[in-house]
Amino acid sequence: MSIPEKKERGLLLLIGGRQMPNFLTAQYLLPNVIVPIASHEAMKDAWKKIEPALKSLELNTVFPKEVDAIGLDEIKEKCQEALKEFPNVEWVFNITCATSVMSIAAYEVAKEHGASAWYLDTNTRRVATLCGKPPKANLYHVKIADYLRAYGRNIGTKGIDNASASLESLARQLALDAATTTAFQHSLGKSVQGKDALKAKNLSSKTEPLADKVRTLFYAAQTAEMLYGIQETDAGELEFILPGRESFLFLNGGWLEFYTWLIARDTKSFDDACYSLTIPADGDQKEIDLALTYAGALLIAECKTDAKPFKTTYLEKLVAVSSLIGANFVGKIFITNQTPDYSNSSIKDFFNQAESRQIIVVTGNELTNLSAILEKEVGINKQLPTYFRG
């Protein structure tokens with residue numbers, strides 16, 4: 001008795017609007033052929049974004065069949081064409097994206113021909129199987145680079161993920177006491193004259209007399225190789241050498257981005273985590289301090305260690321970046337090591353502005369609970385994020 005040959009798999013995608021559900025399905029199925037059906041409007045924008053992401057999977061993706069977004073008969077005809085062009089293929093139709101008319105037309109063709117039709121609800125991480133067979137495993141899993149690629153973006157740079165134990169220890173130490181860390185950053189900036197530190201290499205500097213706690217942080221920074229050559233003067237000052245720009249940027253606030261990534265890494269709950277990302281956009285480099293993915297969703301954070309960090313410009317930056325990579329589908333968090341004075345009217349306004357923009361604010365006294373906050377905001381263990389995505 002001969003064993004029947006395994007059928008090749010085909011995936012029909014509706015192109016229009018948000019494309020992450022299409023990428024998740026293609027990544028999961030890895031089909032032999034992908035046939036996109038795109039509206040005239042989607043060809044100008046949505047297709048240009050999803051095309052590089054599909055190409056990155058190295059799958060046979062044919063050029064889209066272009067249709068009128070509300071032309072029911074035309075859409076059915078193009079779906080029928082796809083099935084005729086690739087016979088003997090086991091088909092899955094992803095009808096999540098594009099217009100309702102496109103979804104109805106594709107569903108009717110799928111049902112008529114015994115294909116599977118899936119609708120992905122990314123808010124609940126569920127797949128509705130409207131006809132045919134359901135997925136055999138969870139398809140909600142995406143790396144940050146792939147998520148960005150689905151929106152036509154690439155990672156320019158990102159932070160390292162193999163830092164030394166001493167650097168990790170320094171970051172955790174800096175997160176413990178905001179007042180001491182602020183004094184350390186102030187003393188460092190004053191010693192190296194800020195702008196000089198961004199230009200010079202191996203800059204020789206000297207502090208003013210320091211409190212013991214602040215002095216301890218300078219020695220911890222030396223252990224982490226962020227500065228070196230510390231010598232104490234009789235007046236209680238510290239002479240030291242700053243290696244260059246990267247060390248200054250880390251000690252002057254970059255440590256918090258690294259610290260939040262350490263927390264995410266140690267939690268071991270997320271599909272992917274990166275910090276200090278840049279993404280090219282509109283001839284510029286947009287920065288993301290922390291990015292996490294879980295179950296196909298993205299969470300981004302802005303991290304600030306200013307003495308007075310509660311500025312609406314930071315909130316506006318989060319919104320501007322999220323608008324490039326999913327808008328309201330992206331979770332947004334502002335993280336600082338400072339604790340606010342809630343009686344201050346400007347700080348009250350900051351929190352009101354954050355709420356109106358659907359941004360979570362994590363302050364210094366909440367850093368010890370950061371892992372639980374991050375897990376909630378990506379929906380781990382079926383938790384509901386503070387704000388609805390979509």
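The values are calculated or read from the model by the stated rules, or taken from the named source; none is laboratory data. In this text, all values refer to a predicted model and were calculated from it rather than measured experimentally. As a convention, Cβ positions derive from the backbone with ideal geometry for all residues, glycine included, and neighbour counts pool all protein chains shown. Quick note on the areas: whole protein, heavy atoms, side chains included, nothing else; ligands and nucleic acids left out. Shrake-Rupley method; radii C 1.70, N 1.55, O 1.52, S 1.80 Å.
Just a few scattered comments:
- Residue in region 262-317 that is least open to solvent (accessible area, probe 1.4 Å), counting only those that are among the hydroxyl-bearing types (Ser, Thr, Tyr) and in a strand (DSSP E or B): THR293
- In the set (1) part of a helix (DSSP H, G or I); (2) within 30 Å of TYR294 (Cβ to Cβ), the condition left unmet by ARG215 is number (2).
- Any hit, region 117-126, residues being of a type in the set (A, V, I, L, M), more than 11 Å from GLY10 (Cβ to Cβ) and assigned to a strand (DSSP E or B): yes
- Test result for LEU30, more than 23 Å from ARG149 (Cβ to Cβ), among the aliphatic types (A, V, I, L, M) and either under 25 Å from the mean Cα position of the chain (by Cα) or open to solvent by 20 Å² or more (accessible area, probe 1.4 Å) (or both): no
- Residue that is least open to solvent (accessible area, probe 1.4 Å) [pool: residues in region 188-206 that are assigned to a loop (DSSP other than H, G, I, E, B) and over 21 Å from ALA171 (Cα atoms)]: ALA200
- Qualifying residue in region 14-21 (condition: farther than 18 Å from LEU120 by Cβ and either within 34 Å of the chain's Cα centre (by Cα) or free of Cβ contacts under 8 Å to residues at least 40 places away in the same chain (or both)): no
- In the set GLY152, GLY159, only one residue is among the small types (Gly, Ala, Ser) and open to solvent by 30 Å² or more (accessible area, probe 1.4 Å); that residue is GLY152.
- Filtered residue count, region 358-390, keeping only those that are at pLDDT 95 or above, under 22 Å from THR293 (Cβ atoms), open to solvent by less than 60 Å² (accessible area, probe 1.4 Å) and not in a helix (DSSP H, G or I): 4
- Evaluation of VAL109 against the conditions (1) of a type in the set (A, V, I, L, M); (2) in a loop (DSSP other than H, G, I, E, B); (3) more than 28 Å from the chain's Cα centre (by Cα); (4) crowded, with 21+ Cβ neighbours inside 10 Å shows that the sole unmet condition is (2).
- Whichever residue in region 234-252 is small (Gly, Ala, Ser) and surrounded by fewer than 18 Cβ atoms within 10 Å (Cβ to Cβ) and, among such residues, is farthest from ALA178 (Cα to Cα): ALA235
- Set GLU58, GLU77, GLU8: member being closer than 23 Å to PRO134 by Cα, of a type in the set (Asp, Glu) and open to solvent by 40 Å² or more (accessible area, probe 1.4 Å): GLU8
- Extreme residue, modelled with the highest pLDDT, among residues of region 206-244 that are of a type in the set (Asp, Glu) and in contact with a helix residue (DSSP H, G or I) (Cβ under 8 Å, 6 or more places away or on another chain): GLU225
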